[in-house]
Amino acid sequence: MEPSVLGHLKNLESLELGECCDFPPEFGPESLSRLKKLERLRLEKGQGKDCPTFSILAGIAALPKLTHLELVNFDVKPGFDKALAQCTNIRRLLIIPTYVTQVGTIAHKKHFLCSSHHYVNLLCHFAHLFHLCTYILQTQT
């Protein structure tokens, strides 16, 4: 299935997708951003240098009703925090990074700024290091 087909499912409220590393760069802004009724999104396997992570996050930022986001097995690349901060409607966020070596990146960026006035529940699961760590971030007011 071509990922562009998803952009036509305009009444979709919940979506779970795997193998995000195979998506084309235009998936986020051209397909994902069309799902204006989407409230919950779970994306898995956003790994590798060719994964359009920032494009996907740009598409997510354009979703006005999206409040629940899960990113499972995603590489946390430099600039990830700034791209995620554009997703201002997110109220519940689960990030499970790809590698334990990325723990430092996530822990260091736990104070990333969001422009909304909501609390963001950031649930991070780091295999073999933490069972579950919960950070409740008060966003910049």
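No lab work stands behind these numbers, since they all come straight from the coordinates. Worth saying up front: this structure is predicted, and the values here are computed from it rather than measured. With ideal geometry, Cβ positions are generated from the backbone for all residues, glycine too; neighbour counts draw on all protein chains shown.
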Whole-Hz couplings from phi, Karplus 6.51/-1.76/1.60, listed for segment 13-20; x for Gly and Pro
10, 9, 8, 10, 9, x, 6, 5
Segment 85-91 - phi-based ³J(HN,Hα) in whole Hz, Karplus 6.51/-1.76/1.60, Gly and Pro as x:
5, 6, 8, 6, 8, 5, 10
Please arrange E70, E16 by counting, for each residue, the other beta carbons lying within 10 Å of its beta carbon, fewest first.
E16, E70
Once Lys and Arg are counted +1 and Asp and Glu -1 for all other residues with Cβ under 9 Å from that of T67, the total becomes +3
Under the 0.36 nm per residue contour assumption, what length would be gained going from the current alpha-carbon distance of L94 and S14 to full extension?
27.3 nm
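Could you compute the FRET efficiency for K82 and R42, with r as their C-beta to C-beta distance and R0 at 25 Å, rounded to 0.05?
On the way: r = 22 Å, r/R0 = 0.89.
Efficiency, rounded to the nearest 0.05: 0.65.
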